[in-house]
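**Student:** What follows is a structure written as structure tokens; I'll ask about it next.
The values are calculated or read from the model by the stated rules, or taken from the named source; none is laboratory data. This is a predicted model, so every value here is computed, not measured. Here the Cβ is made from the backbone with ideal geometry for all residues, glycine too, and neighbour counts use every protein chain on show. Note: accessible area is taken over every heavy atom of the protein model, side chains too, but ligands, DNA and RNA are not part of it. Shrake-Rupley method; radii C 1.70, N 1.55, O 1.52, S 1.80 Å.
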Amino acid sequence: MPAAKSRKKIVFIGAGKLANSLAPAFRSAGFQIIQVFSRTEKSAGELATKLSCSYTTSLKDLYRDADVYIICVKDDAIKKIASSLRLPGKLVVHTSGSTPLKAIDNVSEATGVLYPLQSFTKAKKISLKKVPVFVEGKANVKKLASSISDSVIPVTSEDRQRSHVAAVFACNFTNHLYTIAESLLKGSSVKFSYLYPLILETTKRTEKMSPAQLQTGPAARNDKKTIKRHMDLLKKEDKKLAAIYKALTNDIRNLGKKK
């Protein structure tokens, strides 16, 4: 690792789940994290303690001697940050999947996007080496991302947003369906954990084949009797769940007709 004086300095603007994964990764890659900003002292202090650096809850007290400023806040807070921050000559990147690059244009003449396509939690440490990181903007953004990931992909704003929507379907919506499945099993002798082998096998298969080719179940088979039994059960349980089941069943059927 290079001497401290020659190490690039980074300030993190935000101290949430993503910052808690990105900041340690950059530190391990040889960068010096010199400050963390967060609106709340608790989150700023916790991440700063982990990184052995200072923190602030005021943008006015942000250090101005860093080389890179990484904005890791909620999408709707990026615009507010950008409207009150000026960092001429500094590399400033945001980490949003759906926010346009131009949202931070006025912060600096050197801006970019560094968007890791992964779900993060503070509780579990995730290695970023194999995580796809989509980048946009100045060439040095790609170099920055390459220091923490072996899979760096330059994209347009449109493709990045499309990937974010796809991730919502593949991750967020899927997790919600897991939640529904778990709720349906409550009060029965069947545990949600019994579904793990099925979930894992389904996911594993997509590594080798298109999900469209792997579709199974009563909707794919157009098994009307089974679908009716499921609908009758769900209508008694929760009409909203019945509506979700019907919508997904119809969509699978329609996709099958197009093949």
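**Student:** Could you identify which residue out of 113, 135, 165 has the top mean-square fluctuation in a GNM of the chain using Cα springs shorter than 10 Å?
**Tutor:** 165
**Student:** With everything on Cα atoms, drop me the angle between helix 224-237 and the longest principal axis of the chain, reported from 0 to 90° to the nearest 10.
**Tutor:** Between the helix axis and the principal axis of the chain, the angle is about 70 degrees.
**Student:** Could you list which residues have their amide H under 5 Å from that of residue 8, counting only those 5 or more apart in sequence or on another chain, with H placed in the peptide plane?
**Tutor:** So residue 8 has HN proximity to 32.
**Student:** Taking the Cα centre of the chain as origin, work out the dipole magnitude from +1 charges on Lys and Arg Cβ and -1 charges on Asp and Glu Cβ, in debye rounded to 20.
**Tutor:** 680
**Student:** Please name which of 134, 178, 38 has its Cα lying farthest along the dipole of the chain towards the positive end, using unit charges on Cβ (Lys, Arg +1; Asp, Glu -1) and the Cα centre as origin.
**Tutor:** Selected residue: 178.
**Student:** Please compute, for the alpha-carbon atoms of the range 1-150, the extent along each of the three principal axes and give them in descending order in Å.
**Tutor:** 32, 31, 30
**Student:** Cut-off 10 angstrom, C-alpha nodes, Gaussian network model of the chain. Which of 61, 150, 238 fluctuates the most?
**Tutor:** Answer for the Gaussian network model of the chain: 238.
**Student:** Between 51, 78, 157, whose Cα lies farthest towards the positive end of the dipole of the chain when Lys and Arg beta carbons carry +1 and Asp and Glu beta carbons carry -1, centred on the Cα centre?
**Tutor:** Of the listed residues, the answer is 157.
**Student:** With a cut-off of 8 Å between alpha carbons and a minimum separation of six or more residues, what is the relative contact order of the range 96-237 in percent?
**Tutor:** Answer for the range 96-237 is 16 percent.
**Student:** For the chain, with a Gaussian network of springs between Cα atoms less than 10 Å apart, report the residue from 217, 14, 97 with the top mean-square fluctuation.
**Tutor:** For the chain, modelled as a Gaussian network with Cα springs under 10 Å, the answer is 217.
**Student:** Given a 1.4 angstrom probe, what's the average accessible area per residue across the range 21-118, in square angstrom?
**Tutor:** 46
**Student:** When the accessible area of the chain is split by element with a 1.4 Å probe, what percent falls to carbon and sulfur?
**Tutor:** 56
**Student:** Taking the Cα atoms only, what angle lies between the long axis of helix 17-28 and the longest principal axis of the chain, rounded to 10 degrees?
**Tutor:** On a 0 to 90 degree scale, this one is about 50.
**Student:** Take every DSSP beta bridge with both residues inside the chain and express the antiparallel ones as a percent of the total, to the nearest 5.
**Tutor:** In the chain, approximately 20 percent of DSSP beta bridges are antiparallel ones.
**Student:** Express in nm, to one decimal, how much length is gained between residue 168 and residue 195 on full extension, taking 0.36 nm for each residue of separation and deducting their alpha carbon distance.
**Tutor:** Going from the current span to full extension adds 7.6 nm.
**Student:** Ok, one more. Using volume of the Cα convex hull per residue in Å³ as the read-out, say which of [x] 170; [y] 151; [z] 125 was calculated from these coordinates.
**Tutor:** [x]
**Student:** Moving on. Among DSSP beta bridges lying fully in the range 103-245, give the percent that are antiparallel, nearest 5.
**Tutor:** Roughly 60 percent of the DSSP beta bridges within the range 103-245 come out antiparallel.
**Student:** Could you give the angle, 0 to 90 degrees to the nearest 10, between helix 196-205's Cα long axis and the longest principal axis of the Cα atoms of the chain?
**Tutor:** 70
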